[in-house]
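Chemist: Starting off with a structure, shown below.
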């Protein structure tokens, strides 16, 4: 049994080991049963710390005070002795002294302060001496902290079992454990060698259980075995840690929540946490786990309540105590957990199968690549889970994943009504649990008609083209689920459901797709400030379900499954307008068409000139396949004609700038290949992204420029702390640009630069410099002119900003980059030696490295 405490006293004692509260809870129950206070079959609440004596009105005395006639000492843990002398030394209350409530409170504090007890109770009851004097009997009941009775070390064998001997091969991975045993548990595992005990360990049998001491022991044991040549040795104290605190939702507020609204205790929240804790243990192999939660007042508050109304008390707590009337931070939540035994998966078997052989089904179950999305009814979200594997720890999510694996195998062949019933056969002696999957295959079905219901604006073909099934085909349930996911991914509908209905034809079922439409238009306004743009304002008008055929007949023109967006921004140093249109099914084929027109004007490019450019682009792209992993890959080609114009050129501008003055037509064709395995386009938390683009301008495409470009980008995302939504990401870019011949030059706007949010933050995106620091790349007359080779990286940690978690995130980042003058020149270069920079402990002038803190 273990316990987890949360509330106002969380900061004082909640980090005491879960194991301690197990025996504290058990002992309280045993003590109460022994005194006749418990009711058989009824669960017990947390034991009281103090029970006040009867009031003066209840006893025949003139002074209202009584002496302490007797003091008895006992332990709430069965067969665990206590040191009565040590208790007396830490108490001021003594036999023959006048009873004082204040003194009793101090006694309780003093006993807790010794660190030897997890719970202290002082119960006062009426007592009459042999001479007839009325007084009190004090019962001091303490719960000693659990002590270490044994230290056990075992190593993991190749077959997954554990050996008792310590002489193991170096190739084996040690599974070393410190096992905390209580006085009520069986002793009987092989201890460490005498040399190890004497020289390496801090914890000894009889010591008070200490988490920090166990951690030091674990480190010492790892060092001991690694010094002996066991490089892979790993030591883990087997004591429940703060992992359980991460599971529950009701817990003390963090420091940044001090100014937020004070939450009230809600009973359903505690029930949900009970379910979360149970689900956590079920996924750790504890199939017999029992979790019971209770709510209570802190000890001091409970004493005050008891003194105020001594006629209404239930084990030290008033009967009218209502946790809903008290702030959550003033309560103690206690979860008592009976773990039971941990089970591992034994034999996996199947029966009732006819279409597939048993070996075929079992091979499917043992295929570890079958990672499933399992809906967790407790967390109300999809979780990733591996199926059950023989010899590994049993989990309910793994059982559900294995069940779904078998259902999908049958579902692909049209057995949409297959029933898989897991049958568990646990063996208490061996700790193994055999799992048999009883299968009722049912009939094989084919697709009849496909009907779509609920459409009000969207054209039927927009939904139908996302369905991967067709009439007459095998009714593949996996493709049915993927079709549903694709329709949901359109983001046109608030609800999407699919189900089958019987038809008059045997073994034929029609597929019903039911949807509920939602608004798809977008109108947004915004304003911002940056070191480059200063103050800017922007407006966006968009429609995610646009229909170009209705542009002159209906407003808004919706329902065609296309996208249209108009974006405009105006700032002190730039003006940008972009109009874009996307047809995801061009010519009713899975071919994406993108068309856009744009205008950009900027005065921050250089102090010597301003720049304008406008143009258009048209592109086609498509995915390489519909199934993983080809559905993550796409290829595309884009044609882009655009005009550049250098205006307001200063007379003292460098020659390189003067060579780029006037109107220039750039006509380019760009091909790309993209892999996008991110879990979200808006805020990726996991996955990878890669893009390789090759561009050529001029030649047969005409225009004034004759250049080529190559650009590669890679991004990766890791959720390093899922509970707090902390995301670590990395990004790297490499670029090359040059003319088609040695006489062709690359205009200033097509040169490669480093700086800005897309490369090296903290550096101007074109000037490439920060205040009083060197610039990135080569320069003429003190001004950057770009280069033919560039590279940069970004490493970033982001997390929700306190209080505004849903809308704002903070970022801690480190960026670096370089720009070299010539193409294919990746060798370090040094520019402007007199202005070298010192950032992150390295002096560099040819490239830029910057770190910082960002909110946005």
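Every number in this text was worked out from the coordinates using simple rules, so none of it is lab data. Keep in mind it's a predicted model, so treat the numbers as computed, not measured. A quick note on method: Cβ atoms are made from the backbone with ideal geometry, for glycine too, and the neighbour counts reach across all protein chains shown.
Chemist: Work the Kirkwood hydrodynamic radius out for the range 509-645: mean of 1/r over every pair of different alpha-carbon atoms, inverted, in Å.
Modeler: Mean inverse Cα-Cα distance, inverted, gives 17.9 Å.
Chemist: Over the Cα atoms of the range 81-151, each weighted equally, I'd like the Debye log10 I(q)/I(0) at q = 0.18, 0.19, 0.28 Å⁻¹, rounded to two decimals.
Modeler: For the requested q values the scattering log ratios are -0.74, -0.80, -1.38.
Chemist: Using the count of nearby Cβ atoms within 10 Å as a rough guide to exposure, how do 446, 286, 639 rank from fewest to most?
Modeler: 639, 446, 286
Chemist: Given the Cα-Cα distance of residue 419 and residue 503 and 0.36 nm per residue of separation, how much length would full extension add, in nm?
Modeler: In short, 28.1 nm is gained.
Chemist: Let me ask something additional. With a cut-off of 20 Å, note down the residues of the range 678-704 whose backbone N falls inside the zone around a label point 7 Å from the Cα of residue 669 toward its beta carbon.
Modeler: It comes to 692-704, nothing else.
Chemist: Using a Förster radius of 60 Å, what is the FRET efficiency between residue 780 and residue 801 based on their Cβ-Cβ separation? Nearest 0.05, please.
Modeler: 0.90
Chemist: Still on this structure, please answer the following. Given a Förster distance of 25 angstrom, what is the FRET efficiency for residue 133 paired with residue 92, based on the Cβ-Cβ distance and rounded to 0.05?
Modeler: 0.70
Chemist: Next up: Bin all alpha-carbon pair distances of the range 723-762 at 5 Å intervals from 0 and give each bin's fraction as a whole percent.
Modeler: Here the calculated profile for the range 723-762 is 5, 14, 18, 17, 13, 11, 8, 4, 4, 2, 2, 1.
Chemist: R0 = 60 Å: FRET efficiency of residue 616 with residue 443, Cβ-based, nearest 0.05?
Modeler: The formula returns an efficiency of 0.60 here.
Chemist: Turning to a different aspect of this structure: Mind listing P(r) for the range 423-503? All alpha-carbon pairs, 10 Å bins, whole percents.
Modeler: Spelled out per bin, shortest first, that is 14, 36, 20, 14, 12, 4, 0.
Chemist: Shifting gears a bit: Within 10 Å of each residue's Cβ, count the other Cβ atoms and sort 632, 246, 271, 666 from fewest upward.
Modeler: Ranked by crowding around the Cβ, least crowded first: 271, 246, 632, 666.
Chemist: Rounded to two decimals, what ratio of Rg to Rh does the range 477-566 give with C-alpha atoms and a Kirkwood Rh?
Modeler: Taking Rh as the inverse mean 1/r over Cα pairs, Rg/Rh reads 1.22.
Chemist: Just the ratio, please: alpha-carbon radius of gyration of the range 634-759 over 2.2 N^0.38 Å, N its number of residues.
Modeler: Against the empirical 2.2 N^0.38 Å value, I get 1.36 for the range 634-759.
Chemist: Something else: When 763, 572, 493 are ordered from fewest to most other Cβ atoms inside 10 Å of their Cβ, what list results?
Modeler: 572, 493, 763
Chemist: Next question, about the same structure. If I take all pairs of Cα atoms in the range 552-618, what percentage of them are more than 15 Å from each other?
Modeler: For the range 552-618, the share of Cα pairs beyond 15 Å comes to 64 percent.
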